[in-house]
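As structure tokens, the structure follows; a few thoughts come after it.
The values are calculated or read from the model by the stated rules, or taken from the named source; none is laboratory data. Since this is a predicted model, take the numbers as computed values, not measurements. When we count neighbours, we look across all protein chains shown, and the Cβ atoms used for this are built from the backbone with ideal geometry, even at glycine. These accessible areas exclude ligands, DNA and RNA; they are computed on the full protein's heavy atoms, side chains included. Shrake-Rupley method; radii C 1.70, N 1.55, O 1.52, S 1.80 Å.
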Amino acid sequence: MNTTRKLHVLIVGAGFAGLEVARGLSKAPVRITLIDKHNHHLFQPLLYQVAIAGLLPSQIAHPVRTIFRKQKNLAFQMGEVTSIDLEKKFVKLNGSAIAYDYLVLAAGARTNFFGFEALEQYGLQLKDIETAVRTRNHLLSMFEQASHEAEVEKRRALLTFVIVGGGPTGVETAGALGELMTHVMRKDYPRIDFSEARVMLLEAGPSLLAAYPPELREATLRLLKDKHVDVCLNTKMQGYDGQRVVLGDGSTLATQTLIWTAGAKAAVVVDALEVEKAGLGRVRVEPTLNLMRFPETFVIGDAAYVADSNGQPLPMLSTVAIQQGQTTAKNILRWMAGKPLLTFEYKDPGLLATVGRNAAVARIFGISFSGFIAWVIWVFLHIYRIIGFRNRLLVMFNWAWDYFFYDNQVRLITKE
Ligand SMILES: Cc1cc2nc3c(=O)[nH]c(=O)nc-3n(C[C@H](O)[C@H](O)[C@H](O)COP(=O)(O)OP(=O)(O)OC[C@H]3O[C@@H](n4cnc5c(N)ncnc54)[C@H](O)[C@@H]3O)c2cc1C
């Protein structure tokens, strides 16, 4: 009988980072417990497609148990980790304690409202399936209400869609919403006068997609204009009460819809950890992605703060999370083999954001380009990265249908 105890690797979070660690340890002689408060892995880059009625939630999410069906050294447990004792090496889950030898904290991020508390109540966000479906229901309801609203001012407020935040999510959502209105809703609501409708993208800074090179920022502005999006740069949102947005210059904007895409901060479970933190509540980790005081604890993905060679924080991106997950799996294996740990180095695969049908901006191998070719790359890359052959086929079919028939098939208002 083999009485050797297998080391226990506990991974919190089945997002991009957590999944990669679990996969990287698939052949390791360890016992892995993967915990997530959801039973699915979510492909967040396509959440906005759920919000604009382009895809079903099930097409961008995959049950974790299905993903790891064949991995014998892994057990999945659904539940929310409420606290972590780094000294005694256990986490609290659903009221019980789970001990570990190695901890990988890959709990991601949550929406950052930067103290605008009313936004949590009145604003819409895109973070998980629930918030994306709520956004879809809300957007579609606005058209329903506007179609039988007699008062012009009220109608305009119902048909004014404000998106705050000129990063990739804001840009993608604004472009897609502009298109939904121009190509689809016009056909569904022939009685609405669409000259009363507006999609507005507010950005506090002087440009959209601040991390992108100037030529792509310019191209994004141009492409959004083609999609009938009003882009307001240097425009701060100061408040929102569900009816009116107050802008930095004191002016107001009547709208029933505000989608907040302007910020993220580390997940709630990270808040209580008594370790060194950087901006946005992210945990400052060693270059080997673990903690100096608790070296058996790795923190990766959106929840971790790692600087690049220029001292700039790595962005909250799936590509960063995936690469950190890969390095962490290797480092756990190296630790077990008594080898020195690897230093994490991010290999930037480039930048890519879509602005809607036939329109995207990209920087790959140092070359910037925009328009149709960038969009084709975006489409294929996203289909390739979605988990599950069935989902890939369904998304491909959906997009082809929408492309040829100018249709967004999931125009369903459902109960939440
Ligand atoms: C709308 C949107 C669009 C985006 N678009 C892009 C894009 O185009 N390209 C790109 O590269 N990146 C994009 N990102 C960012 C990307 O999704 C994140 O950088 C990436 O998901 C981070 O991976 P992660 O593993 O750190 O966290 P996540 O993928 O967020 O996974 C964290 C997991 O931890 C779980 N969890 C959290 N707390 C607990 C707890 N206490 N107990 C148990 N489980 C817990 C969560 O349920 C979640 O499953 C986008 C993000 C959003 C929200």
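Structural remarks
- In the set (1) within 16 Å of the ligand (Cβ to nearest atom); (2) crowded, with 19+ Cβ neighbours inside 10 Å, the condition left unmet by Thr160 is number (1).
- All positions within region 32-76 that are within 9 Å of the ligand (Cβ to nearest atom), more than 30 Å from Asp188 (Cα to Cα) and not β-branched (Val, Ile, Thr): Asp36, Lys37, His38, His40, His41, Leu42
- Neighbours by Cβ (under 7 Å, 6+ apart or cross-chain): first from region 398-410, at pLDDT 85 or above; second among the aliphatic types (A, V, I, L, M) and assigned to a loop (DSSP other than H, G, I, E, B): Asn398/Leu55; Val410/Ala53; Val410/Leu55; Val410/Leu56
- Residues of region 350-369 satisfying the condition of being modelled with pLDDT of 95 or more and open to solvent by 60 Å² or more (accessible area, probe 1.4 Å): Arg363, Ile367
- Within region 250-297, the set of residues being closer than 30 Å to Lys154 by Cβ and either part of a helix (DSSP H, G or I) or at pLDDT below 95 (or both) is empty.
- Taking first residues from region 32-58 that are among the hydroxyl-bearing types (Ser, Thr, Tyr) and partners that are near the ligand (Cβ under 6 Å from one of its atoms), the Cβ contacts under 6 Å between residues at least 6 apart in sequence or on separate chains come to Tyr48/Leu126.
- Evaluation of Val133 against (1) crowded, with 18+ Cβ neighbours inside 10 Å; (2) within 12 Å of the ligand (Cβ to nearest atom) (one fails), failing number: (2)
- Single residue of region 84-127 satisfying the filter (among the polar types (S, T, N, Q), closer than 28 Å to Thr33 by Cα and more than 9 Å from the ligand (Cβ to nearest atom)) that is least open to solvent (accessible area, probe 1.4 Å): Ser96
- Counting the residues of region 12-27 that are away from the ligand (no atom under 13 Å from the Cβ) and either among the hydroxyl-bearing types (Ser, Thr, Tyr) or open to solvent by 10 Å² or more (accessible area, probe 1.4 Å) (or both) gives 3.
- Number of the condition not met by Glu215 [criteria: (1) touching a residue at least 40 places away in the same chain (Cβ under 8 Å); (2) open to solvent by 40 Å² or more (accessible area, probe 1.4 Å); (3) touching a helix residue (DSSP H, G or I) at 6+ places or on another chain (Cβ under 7 Å)]: (3)
- Of the residues screened, Gly325 is one that is within 11 Å of the ligand (Cβ to nearest atom), farther than 30 Å from Asp402 by Cβ, in contact (Cβ under 8 Å) with a residue 12 or more places away in the chain and crowded, with 19+ Cβ neighbours inside 10 Å.
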